[in-house]
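A short write-up of the structure that comes next.
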Amino acid sequence: MTHVIRAARAADLEHLYEMAKLTGGGFTNLPPDRRALTAKLERAAAAFANSEEGDPETQKDELFVLILEDVATREVRGTCQIFTRVGQTWPFYSYRMATLTQHSKELGRTFRAEMLNLVTDLEGSSEVGGLFLHPGERAGGLGMLLARSRYLFIAMHRGRFADRILAELRGVIDERGGSPFWDGVAGRFFGMSFQEADYFNAINGNQFIADLMPKHPVYIAMLPETARSAIGLPHPSGRAAMRMLETEGFAAEGYFDIFDGGPTMTARTDRVRSIADAKTVPVTEVRPPDETATRALVATGRLADFRCCFARITPDGAGVALDPDAAKALGIGPGDTVWHVAR
Ligand SMILES: CC(C)(COP(=O)(O)OP(=O)(O)OC[C@H]1O[C@@H](n2cnc3c(N)ncnc32)[C@H](O)[C@@H]1OP(=O)(O)O)[C@@H](O)C(=O)NCCC(=O)NCCSC(=O)CCC(=O)O
């Protein structure tokens, strides 16, 4: 069965809503709220329609929403997102872990105190997020297609993206849907439970968090053990996402989500494996793969016409021969240009 990644459209609202209801909460980029999702789709439609790359210094934060579709049934099975430049409209806050080592000669003791500082260091970065694959499709490689299609999209529209990319992994949530990190840190300044804050966040955005967040450093030693042990720990369902980010070269560099303490991973854009290895070539021929064919992710099209799928390709002179299923899924033939990266 062939699946293809394509640009999201207004008609995908119900599909996104159905998937958002399956996330189990705390999934900032995919809230189960039709109004918030409609706003996302409108923002994405504007981004896909904007053919001007613009000046990177004055660029807005544009959002691209992509959809995974079953080519045969046209069913929507997953989604993912790319933000071109975070922190342009509102500050983009993170917690950054800092260490202060102090020594007392009289006591003969050295103490290392770790603290969380509220920072906007990651402002101006691009972001990948909102990665969701229908539970019935997991563990078959489609999560990887979704995640990596974004890196081909970035390689194909490089001028729109920053030199650093971040990804925020959802933090730990307990059996009651609460967040131990929220309860131990931010929750003390908001008078709301994590679930209430999560709901408010989905409807109104997270500016209220930045507004009320304590601005002084938080000493980790003063936090309850439950909050402390949640720092930098991804939600169990996000482990596959974390693993894929690591494979691409992303690393956790001491930044955390101010809301749930989940790890923020970062990478230099041009060093992200699927971006660095992406190549653009013409399609010379469409033919069934033989034993010399290799498995690849292949993408084509600009902005709203972007499409990406798994394919089998064979080097052919200055170009590649493409297998017929992929050619059909991408809607291309000999003479068209593709971007590809090994699977
Ligand atoms: C994240 C996806 C889309 C991943 O899809 P799949 O589960 O099908 O992935 P997969 O192909 O089985 O696995 C991908 C890679 O992760 C590894 N892997 C799988 N499960 C793992 C686990 N429990 N611990 C460690 N590694 C694990 C696999 O071996 C494989 O790596 P190898 O190839 O090396 O063997 C899905 O799990 C999902 O929808 N999860 C629920 C929503 C979610 O938590 N989304 C992430 C939110 S965080 C976010 O959106 C930001 C991050 C981002 O956007 O990229």
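Tabulated data for the structure shown
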quantity	calculated
Computed log₁₀ I(q)/I(0) - Debye formula, equal Cα scatterers, no solvent, the range 296-343, q 0.21 Å⁻¹	-0.64
Alpha-carbon centroid distance for the pair the range 77-114 / the range 310-339, whole angstrom	44 Å
Exposure proxy order (Cβ contacts within 10 Å, fewest to most) of 179, 125, 193	193, 125, 179
Semi-axes of the equivalent ellipsoid for the chain, Cα gyration tensor, largest first, Å	39, 22, 18
Ascending count of other beta-carbon atoms within 10 Å, so fewest first, for 222, 213	222, 213
All-pairs alpha carbon distance profile, the range 12-74, 10 Å steps from 0, percent	19, 42, 28, 11, 0
Sparsely packed GluC sites (Glu not before Pro) within the range 1-60, loop by DSSP, other Cβ within 10 Å at most 15	52, 53, 57
Additional length obtainable on full extension of the chain from residue 89 to residue 219, 0.36 nm per residue less Cα span	43.8 nm
Candidates 261, 301, 171: whichever shows maximal mean-square fluctuation once the chain is modelled as a Gaussian network with Cα springs under 10 Å	301
Pairwise label distance in nanometres, residue 343 with residue 196, each label 7 Å out on the Cα-Cβ vector	5.0 nm
Mean ellipticity per residue at 222 nm, deg cm²/dmol - from DSSP H runs of n ≥ 4 across the chain, formula -39500 (n - 2.57)	-7000 deg cm²/dmol
Coordinate range along principal axes, alpha carbons of the range 5-112, Å, largest first	74, 38, 26
Residue-span extension gain [residue 119 to residue 99] - 0.36 nm each, minus C-alpha spacing	5.7 nm
Residue order, fewest to most surrounding Cβ atoms within 10 angstrom, among 199, 151	199, 151
Hydrodynamic radius by Kirkwood, which averages 1/r over all alpha carbon pairs of the range 129-232, in angstrom	16.7 Å
Overall Cα dimensions of the range 197-244 - principal axes, largest extent first, Å	33, 33, 16
Helical segments meeting 18 Å axial Cα length and Kyte-Doolittle 0.5 threshold in the chain (DSSP H)	142-156
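Bear in mind that the values in this text are calculations on the coordinates, not laboratory data. Remember, predicted model here, so these are calculated numbers, not experimental data. Methodologically, a virtual Cβ is constructed for each residue, glycine included, from the backbone with ideal geometry; neighbour enumeration extends over all protein chains shown.
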